[in-house]
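Below is one structure, written out as structure tokens; comments come after it.
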Ligand SMILES: Cc1cc2nc3c(=O)[nH]c(=O)nc-3n(C[C@H](O)[C@H](O)[C@H](O)COP(=O)(O)OP(=O)(O)OC[C@H]3O[C@@H](n4cnc5c(N)ncnc54)[C@H](O)[C@@H]3O)c2cc1C
């Protein structure tokens with residue numbers, strides 16, 4: 001049964017995440033954005049809260065929380081700084097997720113505890129110059145040579161790419177077999193032939209590191225394959241389904257920040273002798289914003305609940321991501337409008353929220369790809 005009531009523990013975790021984000025993240029979010037700086041110090045603080053391993057089982061040093069709780073925290077962190085929620089969500093969903101679901105016992109013991117403690121950073125590398133939305137078209141190859149696989153190729157736009165201690169890399173081990181020939185590898189930093197290329201200069205989530213990864217005759221032990229050869233596409237798609245629930249929560253958090261800023265401004269700013277909020281046109285705009293935020297949260301919670309119940313949730317995750325991301329852009333757009341010219345100026349945070357919101361429509365599958373996923377379920 002779906003309930004709209006959070007458990008006392010979830011209420012407590014949400015309140016604590018809000019306080020943490022307001023105390024430690026919000027005060028420096030603008031500066032990190034301006035400098036385009038990934039902060040290891042802040043990442044360590046987020047890890048000390050237990051957020052990097054929030055969904056990691058307790059036996060591997062995590063909090064063992066459910067997806068719903070994860071979404072509550074992502075929303076609060078995103079409300080303060082979307083870039084920090086990228087690090088948290090990719091660590092949990094895109095890296096710990098596939099290791100928990102498909103990894104061997106040895107891989108779980110080796111990689112999950114340092115991730116959960118924040119001692120190691122990680123990334124998930126699927127995208128390539130010629131494999132974006134068409135992620136099956138992997139040109140990175142791995143060829144077996146004795147007990148090792150030799151990896152060659154380039155990954156682009158990888159979140160955490162420049163700071164990660166290890167990467168989950170999808171590569172083709174059999175090009176003729178197409179998607180059935182894709183394999184997921186764990187590649188550690190320092191492996192000869194593994195280098196970090198350009199760091200991207202971005203519109204938004206600027207405090208998140210986004211970089212290119214290059215593999216040149218990089219030798220990977222057989223034991224570093226996740227789930228066996230040929231399972232890479234299934235692992236990647238399953239991982240992205242999980243990640244999309246978190247992107248829905250991210251959209252809600254960013255939009256909430258924009259709504260709150262707009263409401264405050266509309267109360268304070270006077271024109272024609274009245275606070276802006278007294279103008280019905282703007283009051284109605286704020287109502288629409290709040291309604292959209294709550295709709296996106298419900299979609300996100302539904303997808304999280306389905307995942308927690310171990311039910312099929314791919315369509316619902318795509319809906320949560322699609323609606324949450326496009327909603328965030330719309331709400332941030334409206335928040336700037338309510339601020340008038342001041343909304344365009346960096347002294348006010350809404351311009352950062354607007355820039356940050358935009359990425360949610362692009363990564364982990366663009367809006368067009370979400371529509372294709374949803375269509376494959378509802379137009380059958
Ligand atoms: C800041 C940032 C962080 C990222 N982090 C990661 C990461 O950590 N790991 C990772 O692997 N990737 C990451 N990505 C990559 C991201 O997932 C891809 O950029 C995204 O999937 C789109 O691929 P593309 O950029 O190649 O666009 P393309 O696939 O070239 O798409 C261009 C346009 O065409 C549309 N399009 C494509 N095919 C279709 C179709 N069949 N029907 C209709 N429209 C279509 C797309 O929706 C889009 O509008 C990140 C990207 C950014 C910008």
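Here is how the numbers come out for the structure above:
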{"quantity": "Looking only at region 200-232, and only at residues there that are near the ligand (Cβ under 10 Å from one of its atoms), part of a loop (DSSP other than H, G, I, E, B) and touching a residue at least 60 places away in the same chain (Cβ under 8 Å), the one that is surrounded by the fewest Cβ atoms within 10 Å (Cβ to Cβ)", "calculated": "203"}
{"quantity": "Residue 267 vs. criteria in a helix (DSSP H, G or I), closer than 30 Å to residue 109 by Cβ and free of Cβ contacts under 8 Å to residues at least 12 places away in the same chain", "calculated": "no"}
{"quantity": "Among (1) under 20 Å from residue 18 (Cα atoms); (2) out of contact with any helix residue (DSSP H, G or I) (no Cβ under 6 Å at 6 or more places or on another chain), the one test that residue 103 misses", "calculated": "(1)"}
{"quantity": "Whichever residue in region 352-372 is surrounded by fewer than 22 Cβ atoms within 10 Å (Cβ to Cβ) and assigned to a helix (DSSP H, G or I) and, among such residues, is farthest from the ligand (Cβ to nearest atom)", "calculated": "355"}
{"quantity": "Strands (runs of 3 or more DSSP E) (entirely within region 122-195) containing at least 1 residues that are within 15 Å of the ligand (Cβ to nearest atom) and at positive phi", "calculated": "148-159"}
{"quantity": "Residue pairs meeting the criteria (Cβ under 6 Å; at least 6 apart or on separate chains; first assigned by TED's automatic domain parsing to the domain that holds residue 295, in region 313-332; second in a loop (DSSP other than H, G, I, E, B))", "calculated": "325/360; 325/361; 328/360"}
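The values are calculated or read from the model by the stated rules, or taken from the named source; none is laboratory data. Keep in mind it's a predicted model, so treat the numbers as computed, not measured. We place every Cβ from the backbone using ideal geometry, glycine too, and count neighbours over all the protein chains shown.
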